[in-house]
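As structure tokens, the structure follows; a few thoughts come after it.
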Ligand SMILES: Cc1cc2nc3c(=O)[nH]c(=O)nc-3n(C[C@H](O)[C@H](O)[C@H](O)COP(=O)(O)OP(=O)(O)OC[C@H]3O[C@@H](n4cnc5c(N)ncnc54)[C@H](O)[C@@H]3O)c2cc1C
């Protein structure tokens, strides 16, 4: 046998590490927002995330995809989905480490901050299974909004046990929730829903119609919208009824998707399906919007995790790959690219964690935090989910051809990125929601001004940009046409304000120069001269 060659100059696998402690921006953000109590839990999840076996499970769950089983071998309709064991291991880990609904039951003042950090970290392992984890988290605010709700739902969703399979929810150790609103004729405009709900003498409703997107259809319970006699109403749909029989929940087919492949997303039909009203008839949007705003935060966290995971791989590769006589990381142009990606990721991290800390503060009755979250979340969702698409693409390219190969894991991140922009209100819908926040709750604009004001005086370019933004809000002509522009500026200035207050000047100055003052090109790697790429990249290195 003739040896053909030796393998040279390939990047070694990353060693086991604590993904949390190596993420300087995340660590500092947790500390800045009062998350000392969160550190042990974050380190536990961070260490698991740094074990190669978990990422391998994540890749496996995306290779061996969920399979629909409409009928059993005898022809009975079962409407189940089968998953690779790796999926269940990921789900079990996330539930047991309380990435789901547990924080709502906690008295810790940083419970949501801790969960947010875990979500950013665990996205780097596998993002798809975090869809049902996120919906389980998000169901609680909607359930809590109805004082008459059966609280056993809340207890079941908050329990830290993963108990897969369709059986009586009252007998399960833990529950998972889904949410389905989107129908064929309309997703953003749910008022077009045609699914109907007919009131029964026992107080329940019979639901008939369809949903065009229903992710995680093996969840135990769903929140849905349907037209009741008094208008669009929110309903709880259990997959198994209290007597142990299955509710009608026909899974028509699973979607073939661009990414998010480990997660089953289905089309379903309701035909005399039993629903329990949640909130008053005709107030369905108001009820379910509580759930949507919590899942929106998770799209920001998910986008941040995808950026951080991709950037880590890009820096690691550039440190070890030699081209034209030196490691790639020593090449000035590669440094420009990596520093630019690191700025984007650090800015997203601070903004995501700031919004998570606002959830904790709002839970403790801080009205200013609630208002800030109301106005900042749609802007952050709009902006960071879009940025993560280009960050994952650019980071992939840092690995050259290896980045395009599935086994690098970069294609998984790249394919996943756009979904955060599409679901929970697509880009323009979130930009318009920013305007709605100001119209419906004008005090939210004051909360934004106050947050931006905290960094005033730190940079003349920043001060001028804040003035310009307020001028744009003051001009009420063509607001809808300008909504994306406004959302973008709000998000960038919120990020700048956080970096100016909390990050080293190397990071804040480069961010202000490139994003606020606009001295940068359209693509990453076009930072202006004078940027301290050394410090920016050093902070972002995944193995220090
Ligand atoms: C993988 C995946 C899983 C999903 N899972 C679920 C699920 O579990 N449950 C669920 O309910 N839904 C789910 N969805 C659906 C998703 O929430 C919707 O696709 C999304 O809300 C957009 O709705 P739509 O597809 O009907 O598009 P449309 O509402 O038709 O929107 C099309 C485009 O028009 C834009 N647009 C809409 N209104 C305006 C306006 N006034 N001005 C300017 N532009 C506008 C939108 O931003 C969008 O870009 C999922 C989607 C995906 C991709």
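Here are a few things to note about the model shown:
- Extent along the principal axes, Cα only, for segment 170-327: 79, 34, 26 Å, with the longest axis given first.
- Between segment 250-320 and segment 354-417, the alpha-carbon center distance in angstrom: 13
- Whole-angstrom Cα spans of segment 294-540 along principal axes, big to small: 58, 37, 37
- Each of the peptides 529-536, 478-485, 48-55 was scored by the mean count of other Cβ atoms within 10 Å over its residues; in descending order, highest first, they stand as 48-55, 529-536, 478-485.
- Neighbour-count ranking [beta-carbon atoms within 10 angstrom, fewest first] of 190, 78: 78, 190
- Scaled against 2.2 N^0.38 Å for its residue count N, the alpha carbon radius of gyration of segment 336-429 is 1.28.
- In segment 24-282, Cα pairs under 8 Å separated by at least six residues give a relative contact order of 18 percent.
- Share of pairwise Cα separations in segment 436-544, more than 25 Å, in percent: 28
- Rg(Cα)/(2.2 N^0.38 Å) for the chain, N = residue count: 0.97
- Order by protection proxy (mean Cβ within 10 Å, highest first), peptides 250-259, 388-397: 388-397, 250-259
- Peptides 303-310, 491-498 ranked from most to least packed by the mean count of surrounding Cβ atoms within 10 Å: 303-310, 491-498.
- Relative contact order of segment 294-540, pairs being alpha-carbon contacts under 8 Å that are 6 or more residues apart, as %: 27
- Over the chain, Cα pairs under 8 Å with separation of 6+ residues give a relative contact order of 15 percent.
- Normalising the Debye intensity of segment 228-276 to I(0), with uniform scatterers on Cα atoms only, and taking log10 at q = 0.18, 0.21, 0.30, 0.32 Å⁻¹ returns -0.74, -0.87, -1.09, -1.15.
- For segment 79-93 versus segment 468-496, the gap between their alpha-carbon centres in whole angstrom: 43
- P(r) histogram, all alpha-carbon pairs of segment 1-146 included - 5 Å bins from 0, percent: 2, 8, 15, 16, 16, 13, 10, 7, 5, 4, 3, 1, 0, 0, 0
- Taking a ≥ b ≥ c as the square roots of the eigenvalues of the Cα gyration tensor, an a/c ratio of 1.5 or more together with a/b no larger than b/c marks segment 178-219 as oblate.
- Percent antiparallel among DSSP beta bridges (both partners in the chain, rounded to 5): 90
Bear in mind these aren't lab numbers, they're just calculated from the coordinates by the rules spelled out. Keep in mind the model is a prediction, meaning the values are calculated, not measured. Heads up, the Cβs are rebuilt from the backbone with ideal geometry, glycines too, and the neighbour counts pull from every protein chain shown.
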